[in-house]
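The values are calculated or read from the model by the stated rules, or taken from the named source; none is laboratory data. Not measured: the values here are computed from a predicted model. So basically every Cβ, Gly included, is an ideal-geometry build from the backbone, and we count neighbours across all protein chains shown. To get the accessible areas, we keep the full protein, side chains included, count just its heavy atoms, and leave off ligands, DNA and RNA. Shrake-Rupley method; radii C 1.70, N 1.55, O 1.52, S 1.80 Å.
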Amino acid sequence: MRAQVFTILPEVFPGFLASSLTGKALAEEKWSLKVVNIRDYAFDKYGSVDDTPSGGGAGMVMRADVLGETLKHNFTGGKLLNMSPRGVPLNQKLVHQLAAEDELNIICSRFEGVDERVLEEYGALDISIGDYVLTGGEQAAMIMLDAIVRLLPDVLGNAESIKDESFESGLLEYPQYTRPVDWRGRMIPEVLLSGHHRKIDEWRLVQSQQITQQRRPDLWKKYLELK
Ligand code: SAH
């Protein structure tokens, strides 16, 4: 998968994406990352990319002409995404869909966002990573890429581990334990030490159901509907 990000903070990439599993996959060319500095396409010598909002209000807006010029020279196809709190919420289903794409182009903006006309012109899809407001799209893009890259073929060591994870089955994951068996008097649940695989699966399913019901009534409702 080829990823290309448009940003005024090129220095923050690849950041943590260069570490651990995503970094190994990057080095092994299971995915690539091209970083384009939007400022390189500014029209004045100061590299201005933003201006005051039409109609008034606080903050600054990324200019359509500068971002448009950036896209004109670098966007050659594939999906175009714009990180935005107004976007469709990123969830594991959407992450799977994005992981199946060959090319992802991601606009990271700052300030109050970007001039709407660029998004219309290029048919960009707004994506939100949650109901809270960050200072910029870079952090959001990195989190999204992290979730996508770990689903690419041969990136996770144990592909089996995907199917049991939170959200994959519509449920949150069951609690995990490892040695020592007795830690400060807290014991690992006996069933997990029994070696009885059917009982372990049953126990984990019940735990997953209870945790989902308690913590995420929204997911629990959907799970019951689909069952
Ligand atoms: N005024 C905007 C928020 C701007 S925050 C509004 O109310 O919608 C500045 C930038 O950070 C955004 O343009 C976006 O790129 C990024 N950003 C902030 N929160 C985000 C979120 N939850 N998901 C994705 N991107 C986000």
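Structure above, values below:
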read-out: Stretchable slack from residue 165 to residue 2, in nm (0.36 nm times residue separation minus alpha-carbon distance); value: 56.1 nm
read-out: CD proxy at 222 nm, helix term only [per DSSP H run n ≥ 4: -39500 (n - 2.57); per residue of the chain; nearest 500]; value: -10500 deg cm²/dmol
read-out: Residue among 216, 186, 86 with the largest mean-square fluctuation in a Gaussian network model of the chain, springs linking Cα atoms under 10 Å; value: 186
read-out: Estimated inter-spin distance, residue 201 and residue 20, nm [label 7 Å along Cα→Cβ]; value: 2.9
read-out: Calculated on alpha-carbon atoms, Rg and Dmax of the stretch 162-226 in Å; value: 13.4, 41
read-out: Probe 1.4 Å, accessible area per residue of the stretch 5-99, Å²; value: 54
read-out: Spacing of the two label points (7 Å from each Cα toward its C-beta) at residue 86 and residue 29, in nm; value: 4.1
read-out: Label-point separation in nm, residue 146 to residue 125, each point 7 Å along Cα→Cβ; value: 2.2
read-out: Residue 65/residue 225 FRET efficiency (R0 45 Å; Cβ-Cβ; nearest 0.05); value: 0.45
read-out: Taking only Cα atoms of the stretch 2-149, radius of gyration then Dmax in Å; value: 14.9, 49
read-out: Where the stretch 188-227 is the region considered: accessible area per residue in Å², 1.4 Å probe; value: 79
read-out: Heavy-atom accessible surface of the chain: percent carbon and sulfur, 1.4 Å; value: 51
read-out: Nearest-0.05 FRET efficiency for residue 79 and residue 112, computed from C-beta distance (R0 22 Å); value: 0.35
